[in-house]
């Protein structure tokens with residue numbers, strides 16, 4: 001497992017592996033975890049506990065999505081058809097932009 005992560009991080013893994021396993025399936029799992037954590041945070045009863053739970057999920061999610069975006073960018077050349085390199089890199093940039101927007105939204109929520 002760590003070998004695959006290392007290969008993805010340094011750009012030696014196939015783009016299809018990084019996309020389907022880490023970006024697609026991993027994002028579904030991360031989304032479910034985020035939905036569960038936000039539900040727990042909403043029902044925690046006090047703002048500090050909910051904020052702490054949300055902040056913990058944000059830190060883990062940012063680390064994960066940063067890994068995926070960097071791995072997608074670095075592994076984009078590892079394809080047979082050049083169009084997939086472009087699509088992979090566009091996806092990585094879009095994911096980074098969405099992550100920044102998401103961080104902005106979380107900051108607004110925490111500031112309330």
Under 14 Å by backbone N from the virtual spin label 7 Å along Cα-to-Cβ at residue 109, the residues of region 19-38 are 31-38
Taking Cα atoms only, helix 47-75 is inclined relative to the longest principal axis of the chain by an angle, in degrees rounded to 10, of 10 degrees
The relative contact order of region 16-111, taking Cα pairs under 8 Å that sit 6 or more residues apart, comes to a percentage of 25 percent
For the pair residue 5 and residue 93, the simple spin-label estimate (label points 7 Å beyond Cα toward Cβ) gives in nm 2.9 nm
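Could you calculate the FRET efficiency of residue 43 with residue 20 from 1/(1 + (r/R0)^6), where r is the beta carbon distance between them and R0 is 25 Å, rounded to 0.05?
Working: r = 34 Å, r/R0 = 1.36.
The formula returns an efficiency of 0.15 here.
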Taking Cα atoms, the helix 26-42 axis meets the longest principal axis of the chain at an angle in degrees (rounded to 10) of 10 degrees
Measuring from the longest principal axis of the C-alpha atoms of the chain, the long axis of helix 82-111 (C-alpha) lies at a number of degrees, nearest 10, equal to 10 degrees
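For 19, 24, which order do you get if you count the other beta carbons within 10 Å of each Cβ and list the fewest first? Kindly include the intermediate steps, with their values, before the conclusion.
On the way: 19 22, 24 11.
Ascending Cβ contact count within 10 Å gives the list 24, 19.
No lab work stands behind these numbers, since they all come straight from the coordinates. Since this is a predicted model, take the numbers as computed values, not measurements. Cβ sites come from the backbone with ideal geometry, for glycine too, and all protein chains shown count toward neighbours.
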